[in-house]
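A short write-up of the structure that comes next.
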Amino acid sequence: MARNRGLPVRHSREKGGSRFRSALPLAALALMLAAAGCGSATKTGGSGGGSSGSTSELKVGMVLPGPKNDKSFSQASYEGILKAEKEHGIKAQIRENVVDPTARLEALRDLAQSNNVVMAASAAFAEAGGEVAPQFPKVTFIILNGQKSDAPNLYAYALREGVPAYIAGLVAGKTTKSGKVGFVGGEEIPSTLQAQKGFKAGAEASGKPVQVQGTIIGSFNDVEKARLSAAAQIKDGVDYIYSHLDAAVAGVIRAFEQSGSQGGTFNIIAPRCEKRVIGTSIADVAALISSMVGDYKNKTLPAERQKLVGVENPAVQRFELCPDYKTPELQKLVDDTTKGINDGTIKLVEGI
């Protein structure tokens, strides 16, 4: 659930040691070096965290890409770690608004110093996770919407975000009056590209001639960027936009309100059925986060280090129309399409 992010919240750590003069006799210095075992002066991350699967005071660190009250992905992830505290008795540390690539690395390293498990709630952390996980082999890293890597202690749980976007695209394609629909995405990460591809494929499968526009604005939370992007599409005749955004979806809604257009947008993660919102690609991220902690605790993490979740489990992911748009015809379209995807009668192209 956001991704306009403020400065990352993290503890600062001084790197390197102090240089100071010693008046110790050489003999005493030699004894100290011998006691140290003549080991390397460089400290590796492997000593952080705790043994994999340990359940005594299980400590879990969570990094959020946006603020914990964004009414979207970060908030859902935050609620998930709170849910895990209650269900699994963990002790959690949270870093929010971690946007900058360097800050992502620092946040993961920082949390790995004192936690058994470090989780990151965005595919934007995939690269950082792949770099940091090998430095802390005793810590388990889990990236939500991440990608499989070679690190044996790095796991990826991924929502198939292109699937509900396909259903939304089909709805948009069937109902558009202008013959033009659009997509506004946040960061250019796999989940965004999957959603964009899925929405386009759904619109094109509607049986009507439909033009699909698309823009990725580089932020899940920049409301003004989203408003300007949506306004440009609306000016060009687009009447429905799929917003793969967090807090920035408010900008798309505002663009429709300011334009006087009769169209609207689709939202993601949490139902937000206010004016101009047609439906939501719902993901119960909180339930998924808690189940990920449960998998670690119960030693049932996926053997292939990757687990995909989609609309086959409606408790976790589904597309839902808002009440003002839930006509019998459109609801049947959503239900039949969901069923067809799950039973294989509707074949989705690769990458959705």
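The values are calculated or read from the model by the stated rules, or taken from the named source; none is laboratory data. Since we're looking at a predicted model, the values are computed, not measured. So basically every Cβ, Gly included, is an ideal-geometry build from the backbone, and we count neighbours across all protein chains shown.
For N115, the conditions (1) assigned to a strand (DSSP E or B); (2) under 21 Å from K299 (Cβ atoms); (3) of a type outside the set (A, V, I, L, M) all hold with the exception of (1). When segment 90-113 is limited to residues that are within 13 Å of F141 (Cα to Cα) and among the hydrophobic types (A, V, I, L, M, F, W, C), the one that is surrounded by the fewest Cβ atoms within 10 Å (Cβ to Cβ) turns out to be L105. For segment 172-191, the set of residues classified as surrounded by 18 or more Cβ atoms within 10 Å (Cβ to Cβ) and either at pLDDT 95 or above or more than 25 Å from A247 (Cβ to Cβ) (or both) consists of A172, G173, T175, T176, K180, V181, G182, F183, V184, G185, G186, listed by residue number. Inside segment 306-333, residues that are over 18 Å from the mean Cα position of the chain (by Cα) and either basic (K, R) or under 16 Å from A201 (Cβ atoms) (or both) make up a count of 3. Within segment 70-89, the set of residues being part of a loop (DSSP other than H, G, I, E, B) and surrounded by fewer than 18 Cβ atoms within 10 Å (Cβ to Cβ) comprises G89 only. T140 - would you say it is of a type in the set (S, T, Y), within 26 Å of P328 (Cα to Cα) and over 17 Å from the mean Cα position of the chain (by Cα)? The answer is no for T140.
Taken over segment 173-190, residues that are of a type outside the set (V, I, T) and in contact with a Ser or Thr (Cβ under 8 Å, 6 or more places away or on another chain) amount to 7.
P67 meets all of the listed conditions (1) modelled with pLDDT under 95; (2) in a helix (DSSP H, G or I) but one, namely (2). Answer with yes or no whether S291 is at pLDDT below 95, among the hydroxyl-bearing types (S, T, Y) and under 15 Å from G182 (Cα atoms). No. Criterion applied to A151, A133, A92 was being more than 17 Å from the chain's Cα centre (by Cα), part of a loop (DSSP other than H, G, I, E, B), farther than 30 Å from I278 by Cβ and of a type in the set (G, A, S), and the one residue passing it is A151. For the condition farther than 30 Å from E312 by Cβ and among the small types (G, A, S), A156 does not qualify.
Note on segment 245-285: among residues that are polar (S, T, N, Q) and closer than 15 Å to A231 by Cα, the one that is surrounded by the fewest Cβ atoms within 10 Å (Cβ to Cβ) is Q262.
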